[in-house]
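Below is one structure, written out as structure tokens; the observations come after it.
The values are calculated or read from the model by the stated rules, or taken from the named source; none is laboratory data. Since the structure is predicted, the reported quantities are computational estimates derived from the model, not experimental observations. Methodologically, a virtual Cβ is constructed for each residue, glycine included, from the backbone with ideal geometry; neighbour enumeration extends over all protein chains shown.
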């Protein structure tokens, strides 16, 4: 936009030249303002609209739906707990959002997000902890989205990783082997990796199983930090009190969505009661859904 | 004395030099792949692939009407790839896990191979295919083995990081959109190529030995993936060198000698290794006084 006003030496009328320059300058300023405004408005528009939508989502194992006809919206920057009885499909919902399971019908719309913006922490038992890697080596796998298969993990990034490990209380653990960590220490390591993933949407599947109180409050603090940074956090939890204390939004699942919204309203007795009534076993003769 | 024992066999005998060159290539190519097989608990998959190759070699043997290099090599590669594809299809579409599909394919291809060869040839060919002969290495095999070793070292260097990630945390790999399955297949292809290149020297039964034995021995000494790989290559080199000398001085078959040398290293590692047996019985630090 910075077009230099060409001096018009051939034109002898100085006045005209001066006017021309002033006009040009005004024009350029206006242009810059207009474009800046457009960018700002666009960012506002996109930022305000960022959300993750579920449209009539059904996800099945072997043609048996684990969740069905779930619709709702996770607003960008929200902190949501997913509650529900065993087998209600909580983990399945997370797997579908993470893109690990495909919906059988319905869809998940990432409005303003990319699939790469999602980080997912599965239930604890799914990692080969006997693999001969060090704590730091596992932590830096969080840079995958950024560095891929062959990008160099610079000293700066390694220092950042060490800082993340320190922030979950794993100072001086960098060179320990994975096998030497306790369950709680390992979970903290996975949180450090999530920090390094720097994702806009963070999915946590029962992150506090087999975790002591002190570690839990440390991890909850990290979750609150993510919320404060404007990240969207969705977390599967069992403990209703914990949900009431820490999570402003809640989804109550019992294969279908029983309630979705402000935690206070969702976790009312009548909702909890109707979630309890849900039939955990599959029935081959289940009636066909009308929805 | 030492010259007579260690140097002279190679200085005076061309077959020994060729055998040494091929074993060095095989050690460099196979041992790192073996480490991944062991860490992924896929030792059985390696077993299956080596026997799957055997059925392909058997069919090539019948078509070519005898033992010849290229038909058997191509047959082995096709059969190895066929089995990996077959297993992937079974695993994806049924309830069976990878180890079961590999066990099934293992039995099936071993039976196929033995039946085909005994129906069309003699016991002598069967023994040659199963146990190989490291002292009859021609130029073609020499070039093929070194080419495959270079290819697998290069290939492994390229897929190293995603392969490690896929081993330790496949769910993470899927969640971040990495195609873990692709790296897994590439890895299996490298394993097949290496097994095919070593079967003529060590035989199909023994080809896996040089891949797996140094890897499990190295695992007993190290808790870090990088050092495990280096150590396994070193152990493979020592085993092939001492195996060849053993076979030369005592006129023993070469393949089993090499694997026996690797086996002795394995036994020693079980006893003395850092993650071995003996260390458990040493006094604990905090009981020192």
task = Could you list all residues from the range A:122-137 that are surrounded by 16 or more Cβ atoms within 10 Å (Cβ to Cβ), closer than 21 Å to residue A:210 by Cα and either out of contact with any strand residue (DSSP E or B) (no Cβ under 8 Å at 6 or more places or on another chain) or more than 9 Å from chain B (Cβ to nearest Cβ) (or both)?
result = A:124, A:127, A:129, A:135
inquiry  = If I ask for residues that are in a strand (DSSP E or B) and out of contact with any helix residue (DSSP H, G or I) (no Cβ under 6 Å at 6 or more places or on another chain), which ones from the range A:60-74 would you list?
reply    = A:60, A:61, A:64, A:65, A:68, A:69, A:70, A:71, A:72, A:73, A:74
message = Among the listed residues A:211, A:243, identify the single one that is touching a helix residue (DSSP H, G or I) at 6+ places or on another chain (Cβ under 7 Å) and modelled with pLDDT under 90.
response = A:211
ask   = Is it the case that residue B:171 is in contact with a strand residue (DSSP E or B) (Cβ under 9 Å, 6 or more places away or on another chain) and either within 14 Å of another protein chain (Cβ to nearest Cβ) or without any contact (Cβ under 8 Å) to a residue 40 or more places away in the chain (or both)?
value = yes
ask   = Looking at (1) modelled with pLDDT of 90 or more; (2) over 27 Å from residue A:131 (Cα atoms), can you tell me which one residue B:197 breaks?
value = (1)
ask   = Could we say that residue A:118 is touching a helix residue (DSSP H, G or I) at 6+ places or on another chain (Cβ under 9 Å), facing chain B (nearest Cβ under 10 Å) and farther than 26 Å from residue B:227 by Cα here?
value = yes
key: Residue check for residue B:189: under 15 Å from the mean Cα position of the chain (by Cα), surrounded by fewer than 23 Cβ atoms within 10 Å (Cβ to Cβ) and modelled with pLDDT of 90 or more   = yes
ask   = In the range A:38-52, is there at least one residue being surrounded by 18 or more Cβ atoms within 10 Å (Cβ to Cβ) and either at pLDDT below 90 or closer than 23 Å to residue A:199 by Cβ (or both)?
value = yes
remark   = Taking the range A:138-156 and keeping residues surrounded by 12 or more Cβ atoms within 10 Å (Cβ to Cβ), more than 8 Å from chain B (Cβ to nearest Cβ) and assigned to a loop (DSSP other than H, G, I, E, B) leaves A:151, A:153
request  = Just need a number here: residues in the range A:250-265 that are crowded, with 20+ Cβ neighbours inside 10 Å and more than 19 Å from residue A:65 (Cα to Cα).
outcome  = 3
task = Name, by its number, the condition in (1) out of contact with any helix residue (DSSP H, G or I) (no Cβ under 6 Å at 6 or more places or on another chain); (2) on the phi > 0 side of the Ramachandran plot that does not hold for residue B:119.
result = (2)
Which numbered condition residue A:194 misses (of (1) away from chain B (no Cβ under 14 Å); (2) under 16 Å from the mean Cα position of the chain (by Cα)) = (1)
inquiry  = Among (1) in contact (Cβ under 8 Å) with a residue 24 or more places away in the chain; (2) within 14 Å of chain A (Cβ to nearest Cβ); (3) assigned to a helix (DSSP H, G or I), there is one condition residue B:185 misses while meeting the rest; what is its number?
reply    = (2)
note = In the set A:138, A:133, A:93, the lone residue that is under 30 Å from residue A:54 (Cα atoms) and touching a residue at least 40 places away in the same chain (Cβ under 8 Å) is A:93
request  = Return the total of residues in the range B:244-284 being surrounded by 15 or more Cβ atoms within 10 Å (Cβ to Cβ) and touching a residue at least 60 places away in the same chain (Cβ under 8 Å).
outcome  = 9
remark   = Cβ pairs under 7 Å, 6+ apart or interchain, first in the range B:148-164 and more than 14 Å from every other protein chain (Cβ to nearest Cβ), second surrounded by fewer than 22 Cβ atoms within 10 Å (Cβ to Cβ) and at pLDDT 90 or above, ordered by first then second residue, are B:149/B:28; B:153/B:28
ask   = Which condition number does residue B:216 fail, the rest of (1) away from every other protein chain (no Cβ under 12 Å); (2) at pLDDT below 85; (3) closer than 23 Å to residue A:134 by Cα being met?
value = (2)
query = Counting only residues that are out of contact with any strand residue (DSSP E or B) (no Cβ under 7 Å at 6 or more places or on another chain) and at pLDDT 85 or above, which one in the range A:84-98 is farthest from the other protein chains (Cβ to nearest Cβ)?
reply = A:86
task = Go through (1) touching a residue at least 24 places away in the same chain (Cβ under 8 Å); (2) closer than 26 Å to residue B:134 by Cβ; (3) crowded, with 19+ Cβ neighbours inside 10 Å and name the single condition residue B:84 misses.
result = (2)
